[in-house]
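First comes the structure, then the notes that go with it.
Only the coordinates and a few stated rules stand behind these numbers; no lab work does. Just so you know, these numbers come straight off a predicted model, no measurement behind them. Backbone-built Cβ (ideal geometry, glycine too); neighbour counts: all protein chains shown.
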Amino acid sequence: MIENKKAHKFGMVIDLDKCTGCGACMVSCMAENNVPFKEDESNKKDSITWMRVYRLTNGKSFPETQIAYIPRPCQHCGGIGDHGHSPCVSVCPATATDYGYDTGIVSQIYTRCFGCRYCMGACPYHARYFNWWDPKWPEGMENYLSPNVSPRMRGVVEKCSFCYHRYQLAREQAIVEDREIEEMEYQTACTTACPAGAIVFGDLNNPAHKVHQIVKPDPHPDPLNHKVVGKSRNPKVFRLLERLGTNTKVYYMSDREWVRKAGDNYLKGEWENVKTHHGASSSHG
Amino acid sequence: MKIDRRSFLGLGLGAAAGIALSPVGVKLTDDSSIWTQNWPWTPVPEDGEITYDRSVCSLCPGACGISVRKINGRPVKIEGLDDYPINNGGACLHGISGLQYLYDPARIKTPLKKTGNKFEKISWDEAIALVAQTLGKIRESGTPESLGLITGADSGSMAQLFARFMDAFGSPNTYTMPSLESNLALTAAALHGADRRLGFDLDHSDFILSFGAALIEGWGAPVACIQANASRCERKAKLVQVDYRLSNTANTADKIIAVKPGTEADLALGLCAVLLTKAQISTGRLFGDVNKFAFATMVVKEYTPAKVEAITGVKAADIEALAMEFIKAKAPVAVPGKGRGDVGQSLREFAAVQTLNALAGRLNKEGGVFVMGPADYLNFPENVMDEVAEKGAGKDQLAGSVNELVDTLEKNGGLSALFIYNANPCYVLSNPEKVKAAMDKVGFKVSFSSFMDETALRSDVILPASIFLERLEDVVSGAGLAKTVVGLCRPMVKPVFDTKHPGDALILLAQAMGHSIAQSFAWESYDSCLGEVAEKIWENLSGDGYVVIDDRPPAGTPATDFSFLASGPKAAEVMGEGDYTLVPVDKMRLAGGSMASSPFAVKTVSDKVISGKYSVVEINPATAGALKDGDVAVLKTAMGTAKVKIGFNEGIMPGVIGMPRGLGHAFNNPYVAGKGVNVNDLIGPVIEPGSGLDAAFGVKATLSKA
């Protein structure tokens with residue numbers, strides 16, 4: 001039975017002023033999704049971390065220095081108008097990565113992937129990782145692997161799935177009980193782990209959800225590029241490389257202007273313009 | 001037959017059509033894709049029913065409630081337990097990776113005995129008999145006091161069981177590894193009387209003055225502190241961080257007071273002096289306090305803002321302003337213990353900060369410091385002590401602290417046997433080489449470790465302990481938390497290896513020794529012992545999984561004894577020479593104590609902390625000289641030399657080198673050990689007179705290009 005329901009659009013907003021850089025989200029993600037580990041993980045280019053916490057500073061000297069930690073899961077780009085033209089989906093020759101119109105989640109199907117890595121080149125966020133080696137667990141440690149996420153093999157690309165298996169589990173339960181999924185029923189592993197409560201996850205299309213209330217996504221065209229890209233109408237909220245029009249579903253929030261400015265590469269004088277236009281279309285909403 | 005153009009094309013087209021229509025091609029393609037996608041070497045985790053079980057994590061003193069997700073009874077994920085009174089659903093990265101400890105390559109799988117330089121597997125019966133026999137001989141020789149115990153646990157039934165064994169055996173020589181908990185207990189003992197604990201009510205304070213405490217990097221109960229900090233931000237309560245580098249805690253603070261490393265105590269005393277002069281806190285207000293006049297006279301004279309400016313580098317006007325802001329806040333609290341508050345701390349500093357709380361009238365007030373009694377919920381039966389035990393237990397301790405014990409042992413020996421439980425002194429204490437030399441002076445070392453760590457490697461017999469996921473235990477919150485919660489840690493799986501609950505090992509051992517010791521340990525097992533001694537709260541503890549003993553400010557204001565500070569203790573000298581001061585840096589993602597980090601935790605660590613085999617040290621580019629970011633350099637101190645990588649960091653005071661703690665492990669776990677340098681190798685202990693603490697917060701160092 002398929003009903004014509006309004007599609008979900010799952011997304012998150014991360015409060016960068018609350019994030020302490022503790023790393024709980026990274027480990028929770030690895031434990032949830034059977035992410036393997038190697039003896040040396042200090043070369044971050046081949047270290048598979050679906051969720052990675054970047055560290056930025058304002059460049060000033062002590063004691064004026066400030067740090068911002070930026071947790072970076074897959075941004076789940078929807079493209080302009082949420083038509084599913086994510087940078088990675090557009091280039092995948094194997095349809096191994098696809099856009100879920102009912103959830104807004106960008107999938108990754110390991111058994112379809114043949115490792116061409118076009119998607120990695122296309123992703124502006126370095127959110128995708130290639131398995132250069134087969135995963136290897138020390139003797140006995142495979143015992144803690146979860147059956148909900150298949151372990152990957154050498155030669156395929158992997159990335160954050162917004163813990164899609166958790167969505168499936170919640171959806172099945174909801175279908176059995178003939179009701180909608182509750183907000184707290186489907187939460188990603190990083191969200192539940194964050195001890196600082198910096199991550200808020202939910203349905204961006206559902207005005208009752210906290211994430212919608214914080215982000216207030218704009219259904220109207222962006223005044224800067226005249227495209228519908230779900231820009232936040234909250235002046236403290238921004239996205240990474242927002243002007244690419246990737247229309248990501250991971251929003252960031254900060255009171256600090258230098259942090260918001262660090263979300264994109266602005267030329268001299270450009271930021272002033274963006275800053276004043278930020279949330280300018282709120283009169284529509 | 002002649003093949004002409006026509007028949008050639010016809011044949012070709014026919015063949016093409018045949019292949020296209022035949023299922024063989026499709027079948028072959030399908031088969032090959034299935035075949036190439038059969039990855040027999042990739043594990044296929046067994047599926048089954050999902051269940052959740054609750055327990056308590058005892059990896060650190062935080063004692064968080066955890067929820068363990070299981071598939072057909074097989075644990076697959078650890079998460080924070082919702083509504084648990086300490087962590088309220090939150091978890092830290094070490095707790096979440098708890099399952100990696102279960103299958104850790106460095107786990108000790110059976111009892112072991114050292115023969116020559118090698119460990120040999122033995123059975124539990126043999127191991128217990130061997131230890132009982134050796135200890136029996138020591139008792140027969142009439143020197144039961146020559147059995148020592150080094151332990152990390154400070155509270156709960158396991159700590160009391162070990163204490164009971166030592167008593168029944170007849171030895172006063174129990175030593176606790178330095179921890180925030182033990183340092184706070186020492187401070188409370190010096191200022192407010194014995195057997196007290198200090199709890200900081202961060203949840204209700206509107207002005208937290210932290211003397212370098214890494215509140216969101218593992219200080220105290222890590223998750224509770226991170227949550228307290230998050231709620232502080234929402235409440236717009238202020239955090240002022242006294243620090244010499246931009247720790248993550250300093251980064252969330254509203255204000256940073258930059259001090260020279262090791263001068264935090266002087267700043268605290270300077271603030272006390274301002275309160276006594278400017279804020280007109282009459283010494284008469286300090287009713288019932290001891291030596292208040294002597295302290296007031298001393299501090300007002302010796303710690304004037306001008307003098308303190310010269311020591312700490314904080315401007316006199318800023319010191320005065322900070323003191324006034326502190327006293328004028330509604331619910332201020334001063335928090336001691338730089339970093340995680342465990343190693344490299346001094347009583348002088350802890351006492352100075354606590355005195356600030358006392359002067360500001362913040363003892364036993366909401367949002368202040370709670371001076372709490374012991375978590376009194378266990379009732380052990382009377383210990384049976386024979387004549388030997390009475391005589392031995394009445395003797396003087398060999399040393400005043402674990403640091404002094406190391407000194408004494410290394411110089412003169414003095415112990416013939418040593419138990420080590422929940423501790424890794426050969427890694428955690430300053431100058432581990434000396435600790436190892438001291439260990440070598442002890443004839444017979446028995447380790448109750450779960451992992452083959454630096455200390456277990458040096459033991460003679462190992463009675464391997466089941467880890468927290470495999471055992472029942474009461475876990476008491478502590479570590480600076482302003483409430484007392486007893487949680488029940490429950491076995492989530494049967495022991496994976498041939499290990500035992502350390503309580504069971506101890507009971508077996510006591511029973512094997514016979515006589516009065518066996519009578520003191522007349523339990524069938526640890527589990528039955530716990531049910532009996534915790535009977536008072538057992539119903540709730542086993543039903544709800546936890547019991548909140550107390551979470552309100554204790555009644556009344558405890559008296560403060562100012563004698564220790566009034567005697568004018570001096571700051572510890574910084575050892576060695578050099579242009580730089582090397583200080584250890586505590587990172588949330590690296591465990592620094594007796595428990596090593598997990599592979600997951602190490603994986604999350606930045607390449608600005610670990611780079612291949614190197615530790616990366618933080619240094620301000622302004623004082624890096626000819627060194628460049630990423631250079632390999634030689635770091636030299638009075639204690640040793642190490643090759644490190646240079647990591648430029650604007651967020652550290654010029655002239656200070658910050659080195660991550662928790663690296664340089666040397667045992668068999670390639671995912672965790674063999675990375676970087678143990679910062680303790682480069683720092684020598686500086687023992688503080690009066691407290692026996694190792695007050696070496698850092699060491700002078702030189703840095704040159706390799």
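Some points to look at:
- Taking only the C-alpha atoms of segment A:179-283, Rg followed by Dmax gives 14.6, 52 Å.
- Residues B:SER231, B:SER615 arranged by fewest to most Cβ contacts within 10 Å: B:SER231, B:SER615
- At an R0 of 25 angstrom, the distance between the Cβ atoms of B:VAL290 and B:GLN397 translates into a FRET efficiency of 0.50.
- Each 5 Å bin from zero holds the following percent of Cα-Cα pairs in segment A:10-284: 1, 5, 12, 16, 19, 18, 14, 9, 5, 2, 1, 0, 0.
- In this label model, B:LYS628 and A:GLU139 are separated by 4.6 nm, measuring between points 7 Å along each Cα→Cβ vector.
- Across peptide B:595-608, the average count of Cβ atoms from other chains found within 10 Å of a residue's Cβ is 6.
- Cβ-Cβ distance of B:THR29 and B:LYS121, R₀ of 51 Å, FRET efficiency by 1/(1 + (r/R0)^6): the value works out to about 0.45.
- The three principal axes of the C-alpha atoms in the protein assembly as shown carry coordinate ranges of 115, 69, 62 Å, sorted with the longest axis first.
- Taken about its Cα centre, chain B carries a charge dipole of roughly 2160 debye when the Cβ of each Lys and Arg holds +1 and the Cβ of each Asp and Glu holds -1.
- Placing unit charges on the Cβ atoms of the charged side chains and taking the dipole of the protein assembly as shown about its Cα centre, the candidate lying farthest along the positive direction among A:TYR251, B:ILE96, A:ALA24 is A:TYR251.
- Descending semi-axes in Å of segment B:180-372, equivalent ellipsoid built from Cα gyration tensor: 23, 19, 16
- Order of A:VAL250, B:VAL583 under a 10 Å beta carbon neighbour criterion, fewest first: A:VAL250, B:VAL583
- Within straight-line reach of B:LYS434, meaning a Cα separation under 20 Å, sit the following aspartates and glutamates at least 8 residues removed in sequence or on another chain: B:ASP342, B:GLU404, B:ASP407, B:GLU410, B:ASP453, B:GLU454, B:ASP460, B:GLU573, B:ASP681, B:GLU688, B:ASP694.
- Segment B:393-447 shape via C-alpha gyration tensor axes, a/c threshold 1.5: rounded
- For B:LYS255, a cut-off of 13 angstrom between C-alpha atoms picks up these aspartates and glutamates, skipping any fewer than 8 places away in its own chain: A:GLU64, B:ASP243, B:ASP318, B:GLU325.
- Under 26 Å from A:LYS210, Cα to Cα: lysines that are on another chain or at least 8 residues apart: A:LYS5, A:LYS6, A:LYS9, A:LYS18, A:LYS159, A:LYS227, A:LYS231, A:LYS236, A:LYS249, A:LYS261, A:LYS275, B:LYS236
- Whether segment B:573-705 is rounded, prolate or oblate, judged on the alpha carbon gyration tensor where a/c under 1.5 counts as rounded: oblate
- Quarter of the Cα convex hull surface for segment B:40-94, i.e. its orientation-mean projected area (nm²): 4.7
- In terms of other Cβ atoms within 10 Å, B:SER346, B:SER416, B:SER32 run from fewest to most in the order B:SER32, B:SER416, B:SER346.
- Spin-label model distance (nm) - B:ASP527 vs B:ALA194, 7 Å beyond Cα toward Cβ: 3.7
- The relative contact order of chain B comes to 17 percent, based on Cα pairs under 8 Å that sit 6 or more residues apart.
- Residue-span extension gain [B:ASP498 to B:PHE380] - 0.36 nm each, minus C-alpha spacing: 39.6 nm
- Paramagnetic reach from A:LYS6 in segment A:207-234 [backbone N under 19 Å; point 7 Å along Cα→Cβ]: A:207-221, A:228-234
- Whole-Å distance, taken between Cα centres, linking segment B:34-88 and segment A:43-99: 27
- Calculated log₁₀ intensity ratio I(q)/I(0) where the Debye formula runs over C-alpha points of segment B:243-333, q = 0.15, 0.21, 0.23, 0.25 Å⁻¹: -0.61, -1.06, -1.19, -1.30
- Max-minus-min Cα coordinates of segment B:143-183 on each principal axis give 33, 18, 10 Å, with the largest extent listed first.
- FRET efficiency for A:TRP132 and B:ALA16, using Cβ-Cβ distance with R0 set to 41 Å, rounded to 0.05: 0.50
- More than 47 angstrom apart: percent of Cα pairs within chain B: 22
- For chain A, Cys with no neighbouring Cys Cβ under 4.7 Å: A:CYS19, A:CYS22, A:CYS29, A:CYS77, A:CYS92, A:CYS113, A:CYS116, A:CYS123, A:CYS163, A:CYS194
- Positive end of the dipole of chain B (Cβ unit charges, origin at the Cα centre): among B:THR143, B:ILE256, B:ALA505, the Cα lying farthest that way belongs to B:ILE256.
- The reciprocal of the average 1/r between distinct C-alpha atoms defines the Kirkwood hydrodynamic radius, which for segment A:88-135 equals 11.3 Å.
- Working from label points 7 Å from Cα in the Cα-to-Cβ sense, the A:ASP178 to B:ALA666 distance is 7.0 nm.
- D (Stokes-Einstein, µm²/s), Kirkwood Cα radius, segment B:295-434, 1.567 mPa s at 4 °C: 65
- Charge-dipole axis of chain B as Lys and Arg at +1 and Asp and Glu at -1 on Cβ define it, positive-most pick from B:ALA633, B:PRO464, B:TYR614: B:ALA633
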